[in-house]
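The values are calculated or read from the model by the stated rules, or taken from the named source; none is laboratory data. Quick caveat: nothing in here was measured; it's all calculated off a predicted structure. Ideal geometry is used to build each Cβ from the backbone, glycine not excepted, and the neighbour counts take in all protein chains shown.
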């Protein structure tokens, strides 16, 4: 797949459609995720352009990521959508821009992304952090929420499964259902070791406590 396109004076760029093909997700879902991240101030609003006209005559609207900020934001989008594809995206950007210096492992790719994020921070302190290494001091783990209910994280997660908080389609790790994230109750983050970690916002913590108390599960 040729993920890179030419945009404005041969500047390398990537579109929301490229991202949807990479993570194997519907384009409209990818665009929704981009819009949510923009609303939260995590990434900048990317410009929109026209894609290739479909056989039915419809020309799709695509978000376009270009330049250093666009590259960082596209990495953040993929890390939010599907963390396991983050390294592939970083490697693809780097491969086309630096033919002789390609990261060879997931760890190297993540380190490269972290280094690039740090460089952008030094140049512009208000630039959003790369999602894989962003500070999570305003978020809570299941263990922290469970401790306030005097129960274990295992017990809490079992209850939250019954409340459809987690997406049961993901077998290897816990991932929030879309409705939970859309309401600002939780965010899927990524640890520095590359593992996904669902974390609760303070609003999400309040929701969990209120839900369990109202259901008579916790006192």
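Quick one: in segment 37-76, of everything that is in contact (Cβ under 8 Å) with a residue 60 or more places away in the chain and surrounded by 17 or more Cβ atoms within 10 Å (Cβ to Cβ), which residue is farthest from residue 179 (Cα to Cα)? It comes out as 74. Within segment 33-60, the residues that satisfy the criterion of being assigned to a loop (DSSP other than H, G, I, E, B), in contact with a strand residue (DSSP E or B) (Cβ under 7 Å, 6 or more places away or on another chain) and under 27 Å from residue 83 (Cα atoms) are 46, 47, 51.
Flag: residue 48 does not match the condition of being modelled with pLDDT under 90 and not assigned by TED's automatic domain parsing to the domain that holds residue 201. Taking residues in segment 192-219 that are at pLDDT 85 or above, and partners anywhere that are buried (at least 17 other Cβ atoms within 10 Å of the Cβ) and part of a helix (DSSP H, G or I), the pairs with Cβ atoms closer than 6 Å and at least 6 places apart or on different chains are 200/145; 205/145; 208/145.
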